[in-house]
Amino acid sequence: MAFVVDRRPDVVNLSLAGPRDPLLERLLRAALDRGITVVAAYQDRSAATFSGVIALLLERAPGLDAERLAEILRQTSRPVADPPGAAGRRVDACAALERAVPGIQCDQGASRSPR
């Protein structure tokens, strides 16, 4: 993680499990202090998908900060319960692009691809 923080990527995806780790917490704080967007798994859910959508949003709208990215994802993701009783969110990449990038419109068809 120290190696990654030193390289200052736009997005870091963490799909980790285990007890609290003080060293990891310090490294995460360093990443956040440097403006790196950190995406972490929650209840064994789809951090990789959210990280990919964030990378796409940053490619199309490079000025977005972590707070705005989180706001866009909250506004455009939908709740899912799979398996039953689990809580999670499903990201809608096209809706997120519409929200983040002026002029992007998604087709309403099954593929919801951006135009």
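One line per residue, one yes/no per condition, for (1) hydrophobic (A, V, I, L, M, F, W, C); (2) at pLDDT 90 or above; (3) in a strand (DSSP E or B):
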residue	(1), (2), (3)
Ala17	yes, no, no
Arg26	no, yes, no
Arg29	no, yes, no
Ala48	yes, no, no
Leu57	yes, yes, no
Pro62	no, yes, no
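Cβ-Cβ contacts under 6 Å between residues 6 or more apart (or on different chains), taken from a first residue in the stretch 1-29 that is touching a residue at least 24 places away in the same chain (Cβ under 8 Å) and closer than 23 Å to Leu69 by Cα to a second residue that is hydroxyl-bearing (Ser, Thr, Tyr) and surrounded by 15 or more Cβ atoms within 10 Å (Cβ to Cβ), are listed as Val11/Thr37; Val11/Ser51; Asn13/Ser51. When residues in the stretch 1-47 are screened for being exposed (fewer than 11 other Cβ atoms within 10 Å of the Cβ) and in contact with a Ser or Thr (Cβ under 9 Å, 6 or more places away or on another chain), 1 of them pass.
Within the stretch 31-41, being more than 15 Å from Ala70 (Cβ to Cβ) and either polar (S, T, N, Q) or not in a helix (DSSP H, G or I) (or both) holds for Arg34, Ala41. For the stretch 54-68, a residue qualifies if it is free of Cβ contacts under 8 Å to residues at least 40 places away in the same chain and not hydrophobic (A, V, I, L, M, F, W, C), and the qualifying residues are Glu59, Pro62, Gly63, Asp65, Glu67, Arg68. Do we have any residue at all in the stretch 69-85 that's of a type in the set (Asp, Glu), part of a helix (DSSP H, G or I) and either under 28 Å from Ile104 (Cβ atoms) or touching a residue at least 24 places away in the same chain (Cβ under 8 Å) (or both)? Yes; the residues of the stretch 69-85 include at least one that is of a type in the set (Asp, Glu), part of a helix (DSSP H, G or I) and either under 28 Å from Ile104 (Cβ atoms) or touching a residue at least 24 places away in the same chain (Cβ under 8 Å) (or both). Scanning the stretch 1-34 for residues that are under 24 Å from Asp92 (Cα atoms) and not hydrophobic (A, V, I, L, M, F, W, C) yields a total of 4.
The values are calculated or read from the model by the stated rules, or taken from the named source; none is laboratory data. Being a predicted model, the structure only gives us computed values, none of them experimental. Neighbour counts run over all protein chains shown; Cβ positions are idealised from the backbone, glycine included.
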